[in-house]
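Everything below concerns the one structure shown next.
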Amino acid sequence: MLTTATHTSSEMSAPIAVPPRAPRAPFSFIGERLWLDFINTDAVEYGVEGLPDFDALVTWLERAIALDAERALLMRRRAVQQPSGATAALVDARRVRAALRGLAERGGVLSEVRRDALGEINRVLGRSAGTRRLEMRLDGSFARSFVPVGDAFAGLMIPIVESAADALILVELERVRRCADPRCARVFFDNTKNATRRWCDMATCGNRAKAARHRARMKSP
C-alpha cells in the first residue's frame, strides 16, 4: 500500500504543540479496498460526517495505514502552522470522496461517470509533485510511500486515488457493491467466489436483515 511521507528535517525538531484530539466514533474498514473504505467515511449511521475536521482525516489515514504515526504527527503540526492549508485539504478530500462514490455506485454501468472519476484522479495525481519510495516499517514489513515536494497537504490523497486507479486498471468495478440495506450507504468489494456478498457487515446490516425476516415470519399467519 502506498503511504504519504511529509517530513522535513526542520519539522522533525519543531516544538509545536498539537491540540488534543476529540473522541469520535471508531472508523469501519469493511470495504476490502482503500478507496472504498475512504468513501465509507461519508456513510456513518445517523448522518454524522465521518471526517468532521482535518484531524479526523489524518486519523483515518493513519488507521488505514496510509500514513504512519510519525508522519501523522507531522501533518498535525503542519495543520497548526497552516490552518488554512489544513482546511483546504479537508475540503479537497471530501471532493475526492464524492467523485469516488459516484465511481463506486455508478461507474460499472456509466462510462461518463468513469470519465469524471478519471479526471478527478488525474487532477490529484497531476498537482502532487514528489517521489515514490519503498520503505521498511518498524515491524519489518515494506510499503510504498510518496514524498511530496512543496505542498505536503497535496499528497495526502495520493494513496486513495491510486487505489481507485487500480480498480479501473484491474476492471474491479463490476464487483463493487452497495450494502443491500437501503438505510446503509456503505460500499465494498465483493471478493466472494460466486459474487454473492450482499451486506457491508454481517454483524450489523446482515443481522438486522435476519432479524427483520424473523419478525416477518412470526407475524405471518
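Here are the numbers for this structure:
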| item | result |
| --- | --- |
| Virtual spin-label span in nm between F142 and S111, 7 Å along Cα→Cβ | 4.0 |
| Size descriptor, Kirkwood hydrodynamic radius, that averages inverse alpha-carbon separations across the range 126-206, Å | 15.6 |
| Two-site FRET efficiency, F29 against Q81, from Cβ-Cβ distance with R₀ of 25 Å, rounded to 0.05 | 0.25 |
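Every number here is computed from the coordinates shown, using simple stated rules; none is lab data. Everything quoted here is computed from the prediction, not taken from an experiment. Ideal geometry is used to build each Cβ from the backbone, glycine not excepted, and the neighbour counts take in all protein chains shown.
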